[in-house]
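Right, one structure below, let's go through it.
Here, each number is a calculation from the coordinates, and none is a lab measurement. It should be emphasised that the depicted structure is a prediction, and the values quoted were computed from it without experimental measurement. With ideal geometry, Cβ positions are generated from the backbone for all residues, glycine too; neighbour counts draw on all protein chains shown.
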Amino acid sequence: MNNAERTRRELMIRVIKDFKAGTLAEDIDRIPIELRPRNENAIRCCVYKDRAMLKYRLMALLGFGMEEETDESRQLKDYLADARAGKNNPEPVLSVCTVGCHGCVDSHVQVSSACVGCFARPCMAACPRQAITVVNQRSTIDRSKCIDCGKCMAVCPYHAIIRNPLPCEDACPVGAIGKGEDGLVKIDFNTCIYCGKCFRSCPFSTIMERSSLINILDVMESGRPVVAMVAPSVTNQFPGTLEQLFTALRMAGFSAIMEVALGAELTTEHEAEEFFERMARGDRLMTSSCCPAWVEAAKRHIPDIVPMVSSTPSPMAYAGQLARKEHPDAVTVFIGPCIAKRREAQSDPNVDYVMTFEELGALLAAMEIDVISLEPAKLDKPATSFARNFARSCGVSEAILQEIGAGSPDRPKIDGKFINGLDRKSVNLLKLYAKGKLPGNFVEVMACTGGCIGGPCSLAR
């Protein structure tokens with residue numbers, strides 16, 4: 001756990017404990033001061049900036065972004081009151097706290113001190129813009145000519161040419177993040193796919209997610225039934241078994257628990273049938289639709305592939321339908337590692353809130369619930385192993401293959417491919433798939449490397 005993750009957890013636990021004690025409204029404005037006292041060494045330039053960052057983190061935890069702050073003198077307790085009144089804004093899902101932005105240098109190729117000015121000078125030969133010269137026995141890059149193609153870096157025998165990254169920009173698979181005119185980070189929400197890669201990559205914890213934690217705690221406190229819909233990626237996120245975690249969830253305040261893997265079973269069934277129908281009518285390709293970040297990427301960046309994306313709802317959507325049918329008066333909460341699910345839930349009438357694994361971990365810690373020591377709950381309807389494997393890369397394909405295997409042998413055969421994590425290279429590959437230039441008739445796409453288990457709010461990474 002790095003310092004950014006530790007700070008998020010520390011704040012969540014403190015907020016939950018104060019909420020449960022009924023003292024959050026009177027204590028919340030003191031939290032930044034108590035967690036960063038004046039006599040402690042500052043992490044940033046000074047203790048006051050540390051406290052400012054904690055304030056904005058707390059705002060994000062309440063469901064507000066720094067962008068919404070029009071009056072700097074407004075207290076956190078006022079934002080808390082607005083959040084509990086349902087006035088917090090879930091859109092956009094991500095928020096940029098420019099106070100914390102380091103203003104990192106732009107990503108570029110540069111020559112390190114390892115350069116020896118060798119005789120061969122392959123870097124000069126490889127450069128398509130003649131941007132490299134040797135000065136005082138060391139290669140020098142003319143920034144006015146360099147296009148950052150990296151060809152010099154690839155051929156240097158001493159690995160003396162390196163890329164100085166802009167972490168958030170480099171992490172974004174669709175080029176939705178970069179610097180504004182002020183030199184600080186800016187997200188273009190018209191192109192953002194909410195994959196959360198920038199959230200994870202920023203070393204200064206500048207990018208934050210708007211949470212619904214307070215709203216979920218409020219609903220629990222009200223006595224209304226609350227259904228926890230637990231994503232398949234929960235495996236190995238917490239100590240103990242799945243059955244023990246279900247017991248912990250009931251202790252934490254959930255009235256019913258459902259495996260989203262049950263929704264994955266329906267996704268598998270319908271997606272397999274859709275594949276058969278598409279192949280029968282002459283389609284050459286279908287892609288998976290489980291990952292909301294991928295679906296968003298297709299819509300915003302690869303319009304040619306949109307007709308090829310499966311129309312089958314995601315496991316969360318099916319689980320929401322099941323939960324609503326079984327518990328019509330309950331509030332439904334999806335629990336998983338995904339930031340993009342917050343965006344998907346906004347358009348799903350059967351999913352009221354999203355809680356991340358980080359938030360669930362903080363809830364259990366704040367309530368001092370030791371999962372591994374609990375009696376296991378009895379699962380009314382355990383999901384299949386194939387459905388539970390949806391959370392990892394290739395899991396969707398394997399489940400569909402299993403479903404197809406039970407069907408008629410004269411049905412179309414699946415030639416499955418998979419994209420294990422979205423980045424700029426894989427986005428370009430998907431553009432080639434859209435044009436029919438790559439083999440395969442089914443492509444599984446996961447935005448996170450390794451599948452959902454590698455999600456931005458996963459605990460076991």
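Using Cα-Cα distances under 8 Å and only pairs 6 or more residues apart, what relative contact order does the chain have, in percent?
17 percent
State the antiparallel share, in %, of DSSP beta bridges confined to the stretch 216-454, rounding to the nearest 5.
5 percent
Along Cα→Cβ, 7 Å out, is where each label goes; now give me the distance between the ones at A21 and F276 in nm to one decimal.
6.0 nm
Tell me, what is the FRET efficiency for T241 and D78 to the nearest 0.05, using R0 = 60 angstrom and their Cβ-Cβ distance as r?
According to the calculation, E is roughly 0.90.
For the stretch 424-440 and the stretch 276-292, what is the separation of their Cα centres, given in Å?
Each part reduced to its Cα centre gives a spacing of 15 Å.
Out of P315, V174, L459, whose Cα points farthest toward the positive end of the dipole of the chain (charges: +1 Lys, Arg; -1 Asp, Glu; placed on Cβ)?
Working it through, the farthest residue towards the positive pole turns out to be V174.
Take K435 and D380, extend 7 Å from each Cα along the Cα→Cβ direction, and tell me the distance between the two endpoints in nm.
In this crude label model, K435 to D380 measures out at 5.2 nm.
Would you mind pulling out the separation of the Cα centroids of the stretch 84-115 and the stretch 333-392, in Å?
28 Å
For the chain, with the dipole built from +1 on Lys and Arg beta-carbon atoms and -1 on Asp and Glu ones, taken about the Cα centre, which of I339, A383, V226 lies farthest toward the positive end?
Positive-most Cα among the choices belongs to I339.
What ³J(HN,Hα) values, in whole Hz, does the Karplus curve 6.51 cos²θ - 1.76 cosθ + 1.60 give for the stretch 221-228 when θ = phi - 60°, with x put for Gly and Pro?
5, 6, x, 5, x, 10, 9, 8
Subtract the Cα-Cα distance of A42 and D142 from 0.36 nm times their separation in residues, and report this length gain in nm to one decimal.
Additional length available on full extension: 32.2 nm.
Taking 18 Å as the cut-off for C-alpha to C-alpha distance, list the pairs among K197/K425; K299/K341; K55/K179; K341/K431; K17/K77 that go past it.
Flagged as over cut-off: K55/K179; K341/K431.
Karplus couplings for the stretch 5-15 from phi (6.51 cos²θ - 1.76 cosθ + 1.60, θ = phi - 60°), rounded to Hz, Gly and Pro as x?
3J(HN,Hα) across the stretch 5-15, in whole Hz: 5, 5, 5, 4, 5, 4, 5, 4, 4, 5, 4.
Given DSSP loops and a limit of at most 16 other Cβ atoms within 10 Å, what is the longest stretch of the chain that contains no such chymotrypsin sites (Phe, Trp or Tyr not before Pro)?
Within the chain, the longest run free of exposed chymotrypsin sites (Phe, Trp or Tyr not before Pro) spans 190-461.
Would you work out the charge dipole size for the chain about its Cα centre, treating the Cβ of every Lys and Arg as +1 and the Cβ of every Asp and Glu as -1, and quote it to the nearest 20 debye?
Taking the Cα centre of the chain as origin, the dipole is about 1720 debye.
From the square roots a ≥ b ≥ c of the eigenvalues of the alpha-carbon gyration tensor of the stretch 1-106, which class results: rounded (a/c under 1.5), prolate (a/b over b/c), or oblate?
oblate
Residues with beta-carbon under 13 Å from that of D142, excluding D142: net charge, scoring Lys, Arg +1 and Asp, Glu -1?
The answer is +2.
With unit charges on the beta carbons (Lys and Arg positive, Asp and Glu negative) and the dipole taken about the Cα centre of the chain, which residue among G416, M355, C291 sits farthest to the positive side?
Final value for the positive-end residue is G416.
Among bridges DSSP assigns within the chain, what percent are antiparallel (round to 5)?
40 percent
Whole-Hz Karplus ³J(HN,Hα) for the stretch 29-36, in order, using 6.51 cos²θ - 1.76 cosθ + 1.60 and θ = phi - 60°, x for Gly and Pro?
Listing the rounded values in order: 6, 8, 4, x, 6, 6, 7, 10 Hz.
If I stretch the segment between A114 and T191 completely, what's the gain in nm (0.36 nm per residue apart, minus their alpha carbon distance), one decimal?
Once the chain is fully extended between A114 and T191, it gains 23.8 nm.
Return the long-range amide H neighbours of I419 (sequence gap of 5 or more, or a different chain), with a cut-off of under 5 Å between placed amide H atoms.
Residues meeting the criterion, in which the H sits 1.01 Å from N, are E444, V445, M446.
For labels at N89 and R30 in the simple 7 Å Cα→Cβ model, what's the distance in nm?
Rounded to a tenth, the inter-label distance reads 3.2 nm.
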